[in-house]
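Here the structure is laid out as structure tokens; the discussion comes afterwards.
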Number of protein chains: 2
Amino acid sequence: SQMELNNEFGVTKFKEFPYVSAPHRNLMVDLVSTVENRLGSQLLPCTLPPDVQYYQNQTGSAHASLHTRSGNKPSQSQIDFILGSWIHCELPTGGALNITSLSAFLNPLTDAPNFLIELIQSSPTSLILILDLPPRKDLVLCPDYLHTFYEETQLDTRKQRLEKIPEVKPYISSSLYIRSVVSPTAIMVRIETEASQPGRVEEVIKDHVDPIAKEVLGIWLDQCACGKREVGEAERAILEKRDGLIKIKTIEVDLGSNFPRLFGPEVANRVLGAIRDVYTV
Amino acid sequence: SQMELNNEFGVTKFKEFPYVSAPHRNLMVDLVSTVENRLGSQLLPCTLPPDVQYYQNQTGSAHASLHTRSGNKPSQSQIDFILGSWIHCELPTGGALNITSLSAFLNPLTDAPNFLIELIQSSPTSLILILDLPPRKDLVLCPDYLHTFYEETQLDTRKQRLEKIPEVKPYISSSLYIRSVVSPTAIMVRIETEASQPGRVEEVIKDHVDPIAKEVLGIWLDQCACGKREVGEAERAILEKRDGLIKIKTIEVDLGSNFPRLFGPEVANRVLGAIRDVYTV
């Protein structure tokens, strides 16, 4: 059917990551495949309209793709949904901005952390990486949770390994809410290379970001997505409230301000509406 | 009386900060006086035993002073207690380790943030500074709280000002719990200067750390210690639990491991016991 063809087109388009370098694309494709292979049976197909799965602005200077799959509730899946995206945007200066991301949200059948990776490349010599398992509870109130998911998993050793690379500097989000949402082992870095070393960003992605991102995703799949946790009634209500707030604030901070600027109000409203639908399924 | 004399001696000793540089001492004396002048009428006298107000290890290579004053409950003070300390410890390498700190904890009559400053100088060319208003609620669940105490107060501009100084590098605590306790505008930095520039650490303290610390304390006094907040019954119970956990974990992480090593088990037990008493008043 036309719908199936459109969907197929959307999925293909998403998984092409057509505007980023080979190491960047390989990493994203690998992460998405790993998640879909491991959780596939729990995930419903992507039901986004074709013009949200792939969209562009009026002048054709900005292209983007969105891919979401919700967890299959009747099968008691712990997955709320996964959300992958890429954005490509030509800059007035001649270069391009490329953002690729994959996030995975769990539902209140578990209180385990979510998964998040985002790569933002604004020039051939500069890349921002955000890689984290954002906690779903107040870590100050829950030292056991901190111990289980962040200390025992040795997430901090991955952060330390990456921060040892000379080109890697800390990246501090301007949003205090984003800073609050991430875990104490969040990798938030800016990779700044010399113009005299073309291809160095890609080298850092291939040699360092790639293996570390895969390790962190592996920890998330084993300990969070597929682990079992006891969650009481009262706790579930707090989780629902907290998860919901994070989604609202993330749209506000991350997408709400940039999308209209990049894609115009009409496309932005269509895409943000579709994201809001997935968020509240 | 002997007790009063001893107390007088302890207070004097504490406020002398005898082992640190003049700019470092001036800053600490000024912060302590500002807090005591502003909150004085709400604070009970220090009731620590003299051998906790001032103590040393067996060989005399480590000296320290502790000063605590609890809030006067019948007067409806919002202050739980303030705690100031300094530690001086000769290092086997010939140098000395000097730590000075001032923290102020509020009680559950308010949910406003606490205050914390700690300066750790381990060599003439290196100083760690921790300066923060640690939140008393889960910021992810409370965007309004984040807005009131961290965005509207422009705390982040202070952090940015300090981080612009070339010698200032980020300091990352090895404790994930400490990283979780601090706010998204926490100043956690290491000031690293060149041996060829003697006195540069003191210059950075005087020109940059001093004014910023006073501004942050001013915000805390105006908005937190002396502001009024509505706190419901249920919320008060969560605050009590959260405040209590922070105190227990802070002793564990910060003091529990270092004190016995520096002062021997007997002195460490005496001092930690006295701190625990203040914590649970």
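The values are calculated or read from the model by the stated rules, or taken from the named source; none is laboratory data. Quantities reported herein were computed from a predicted structural model and do not represent experimental measurements. Ideal geometry is used to build each Cβ from the backbone, glycine not excepted, and the neighbour counts take in all protein chains shown. Only protein heavy atoms, including side chains, enter the accessible area calculation; ligands, DNA and RNA are left aside. Shrake-Rupley method; radii C 1.70, N 1.55, O 1.52, S 1.80 Å.
Computed quantities for the displayed model
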quantity	calculated
Those helices (runs of 4 or more DSSP H) lying entirely in the stretch A:133-206 with at least 3 residues within 23 Å of B:SER180 (Cβ to Cβ) and not acidic (Asp, Glu)	A:143-146, A:155-163, A:176-181
Residue pairs meeting the criteria (Cβ under 8 Å; at least 6 apart or on separate chains; first within 11 Å of A:GLY264 (Cα to Cα), in the stretch A:55-75; second polar (S, T, N, Q) and open to solvent by 40 Å² or more (accessible area, probe 1.4 Å))	A:ALA62/A:GLN56
Every residue from the stretch B:172-196 that is open to solvent by 20 Å² or more (accessible area, probe 1.4 Å), over 24 Å from B:THR148 (Cα atoms) and without any contact (Cβ under 8 Å) to a residue 12 or more places away in the chain	B:SER174, B:SER196
Residues of the stretch A:137-179 that turn out to be aliphatic (A, V, I, L, M), facing chain B (nearest Cβ under 8 Å) and either farther than 24 Å from B:LYS249 by Cβ or out of contact with any Phe, Trp or Tyr (no Cβ under 9 Å at 6 or more places or on another chain) (or both), as a count	1
Set B:PRO134, B:PRO108: member being within 14 Å of another protein chain (Cβ to nearest Cβ), in contact with a helix residue (DSSP H, G or I) (Cβ under 6 Å, 6 or more places away or on another chain), surrounded by 17 or more Cβ atoms within 10 Å (Cβ to Cβ) and farther than 20 Å from B:ASP30 by Cα	B:PRO134
Members of the stretch A:29-82 that are at pLDDT below 95, assigned to a helix (DSSP H, G or I) and either of a type in the set (Gly, Ala, Ser) or in contact with an Asp or Glu (Cβ under 9 Å, 6 or more places away or on another chain) (or both)	A:GLY40, A:SER41, A:SER75
Residue match in the stretch B:115-129 (condition: out of contact with any Phe, Trp or Tyr (no Cβ under 9 Å at 6 or more places or on another chain), surrounded by fewer than 21 Cβ atoms within 10 Å (Cβ to Cβ), away from every other protein chain (no Cβ under 14 Å) and part of a loop (DSSP other than H, G, I, E, B))	yes
Residues (open to solvent by 20 Å² or more (accessible area, probe 1.4 Å), within 14 Å of chain B (Cβ to nearest Cβ) and either under 21 Å from the mean Cα position of the chain (by Cα) or of a type in the set (S, T, N, Q) (or both)) located in the stretch A:224-240	A:GLU240
Test: A:GLY199 is surrounded by fewer than 16 Cβ atoms within 10 Å (Cβ to Cβ) and more than 23 Å from A:ILE128 (Cβ to Cβ)	no
Restricting the stretch B:69-104 to residues that are in contact with a helix residue (DSSP H, G or I) (Cβ under 7 Å, 6 or more places away or on another chain) and open to solvent by 30 Å² or more (accessible area, probe 1.4 Å), the residue that is nearest to B:THR250 (Cα to Cα)	B:ASN72
Checking A:GLU252 against (1) in contact with a strand residue (DSSP E or B) (Cβ under 9 Å, 6 or more places away or on another chain); (2) free of Cβ contacts under 8 Å to residues at least 40 places away in the same chain; (3) charged (D, E, K, R), the condition it does not meet	(1)
Residue within the stretch A:249-264 that is open to solvent by 20 Å² or more (accessible area, probe 1.4 Å), within 14 Å of chain B (Cβ to nearest Cβ) and closer than 25 Å to A:LYS73 by Cα present	yes
